[in-house]
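Novice: The following block contains the structure, expressed as structure tokens.
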Amino acid sequence: MTDGTTPYVRPDVAAFLAFLNAQEGPKMEEMPPEAGREMMRVMGQMADVPRGAIAKVEDRTIPGPAGEIPIRIYDNRPDREPGPVMVFYHGGGWVIGDLDTHDPYCAEAARQLDMPVIAVDYRLAPEHPFPAAPEDCEAATRWVADNIPCTGLVLSGDSAGGNLTIATALALRDAPASKPVVAIHPIYPAVTTHQDWQSYRDFKDGYLLTEGGMTWFGDHYAADPADRRASPIDFDAAGLPPTLLVTAGLDPLRDQGRAYAGKLIAAGVTTTYREAAGTIHGYICLAQGIPSAKDDIRGNLTVLKAIVAEATA
């Protein structure tokens, strides 16, 4: 820390980071994208919990702007009457991540929220650079509104998926889908392309998400900093739906998430902000390696469930 203090690190986070940082071999940013994707899949198998029991998991494809988009539908109570559904956009810097890397989390969200969760396998960079990902996410979300029996949409995603959550919510604010967006839940989101943040300087090495990794993601994704979908913090947030924005205390992206929560509040958006102290970026997919992440996930989803209930009452 630049002020000379030592940041609070939970014991299980410290143990996980010690294990992670002791691993030998090339770093993700030294690999081609497909190898980085495989690295994330392997980490998920090692560091996340199993999916667990859930009544329904269905893989299918839907039409997108450049071909079919794979989705995965989770529902622990498939015989329900139509209500809100969550649309989830996975993290991974717009370069890595897929339906499987976030499979345990999506199943847990479906169980805890007691609503269907629909995960979107949007196109990845560098094969499909910006704005392929937000275009797919918007198209998939509009398809869900039109084709899945529901009364409203809850948008959520982590990291790059948190960015896609906000970008999609802004698109649907300005050109509404056939069902309303009733709440959004960006999880440690990226909301700008610039890195002039104290948390970036404090946590850019040794805390899972590194400066080298972020540069690798950014170079592959090739986002336009002047585009709202890349830097929503630079654009008007008024009129967004009730928002639960969460960050992690040891995350390079922490301060931009804090700043975006402040922007939402200043714009008059009903906003709840939660920061998971002493833990790292990516924790929603690390519930085996960092057992305390289960409490963070449960806490976030408990708050989100109340926000959705209030918004749909």
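Novice: Which GluC sites (Glu not before Pro) does the stretch 62-168 hold that lie in a coil by DSSP with at most 13 other beta carbons within 10 Å? Numbers along the way, then the final one.
Specialist: Working: sites: E68, E108, E127, E135, E138; in loops: E127.
Listed in order of number, the matching sites are E127.
Novice: Using the Cα gyration tensor of the stretch 254-296, with a ≥ b ≥ c the square roots of its eigenvalues, what is the shape: rounded (a/c below 1.5), prolate (a/b larger than b/c) or oblate (neither)?
Specialist: The shape class here is prolate.
Novice: Taking each pair of different alpha-carbon atoms in the stretch 1-128 once, compute 1/r for the pair, average those values, and report the inverse of that mean as the Kirkwood hydrodynamic radius in Å to one decimal.
Specialist: By the Kirkwood definition, the hydrodynamic radius is 17.0 Å.
Novice: Counting DSSP beta bridges in the chain, what percent are antiparallel, to the nearest 5?
Specialist: 35
Novice: If I model a spin label as a point 7 Å beyond the Cα along the Cα-Cβ vector, how far apart are those points for E38 and A22 in nm?
Specialist: In this crude label model, E38 to A22 measures out at 2.6 nm.
Novice: Select from P104, P116, T312 the residue farthest towards the positive end of the dipole of the chain; place +1 on Cβ of Lys and Arg, -1 on Cβ of Asp and Glu, and compute about the Cα centre.
Specialist: Of P104, P116, T312, it is T312.
Novice: Within 10 Å, count the other beta carbons around each residue, average over each peptide in 24-36, 140-152, 165-177, and list them highest first.
Specialist: Result, highest mean Cβ count within 10 Å first: 165-177, 140-152, 24-36.
Novice: Sticking with the crude label model, points 7 Å out along Cα→Cβ, report the distance from D234 to A306 in nm, one decimal please.
Specialist: 3.7
Novice: Oh, and also: Which lysines, if any, have their Cα less than 19 Å from the Cα of K204, not counting same-chain residues under 8 positions apart?
Specialist: Straight-distance partners of K204: K27.
Novice: Please state the shape class of the chain: rounded when a/c is under 1.5, otherwise prolate if a/b exceeds b/c and oblate if not, all from the C-alpha gyration tensor.
Specialist: Since a/c stays below 1.5, the shape of the chain is classed as rounded.
Novice: Could you tell me the relative contact order of the stretch 16-311? Use alpha-carbon pairs under 8 Å, at least six residues apart, and round to a whole percent.
Specialist: Relative contact order for the stretch 16-311 comes out at 19 percent.
Novice: Rounded to the nearest 500, what is the 222 nm mean residue ellipticity of the chain from helices alone, with -39500 (n - 2.57) per DSSP H run of 4+ residues and division by all residues?
Specialist: -12000 deg cm²/dmol
Novice: So, in nm, how far is label Y8 from label A313 when the simple model puts each one 7 Å beyond its Cα toward the Cβ?
Specialist: Label at Y8, label at A313, 3.1 nm between them.
Novice: Here is a further query. Could you calculate the FRET efficiency of H128 with D196 from 1/(1 + (r/R0)^6), where r is the beta carbon distance between them and R0 is 25 Å, rounded to 0.05?
Specialist: 0.30
Novice: Please give the charge dipole size of the chain, origin at the Cα centre, charges +1 on K and R Cβ atoms and -1 on D and E Cβ atoms. Round to the nearest 20 debye. Don't jump to the answer; show the numbers that get you there.
Specialist: Details: 26 positive and 42 negative charges, 171 e Å.
Dipole size: approximately 820 debye.
Novice: For the Cα atoms of the chain, what angle does the longest principal axis make with the long axis of helix 211-221, in degrees from 0 to 90, nearest 10?
Specialist: Around 40 degrees separate the two axes.
FYI, it's all coordinate maths here, none of it is from the lab. As the structure is a prediction and not an experimental result, all values here were calculated from the model. Here the Cβ is made from the backbone with ideal geometry for all residues, glycine too, and neighbour counts use every protein chain on show.
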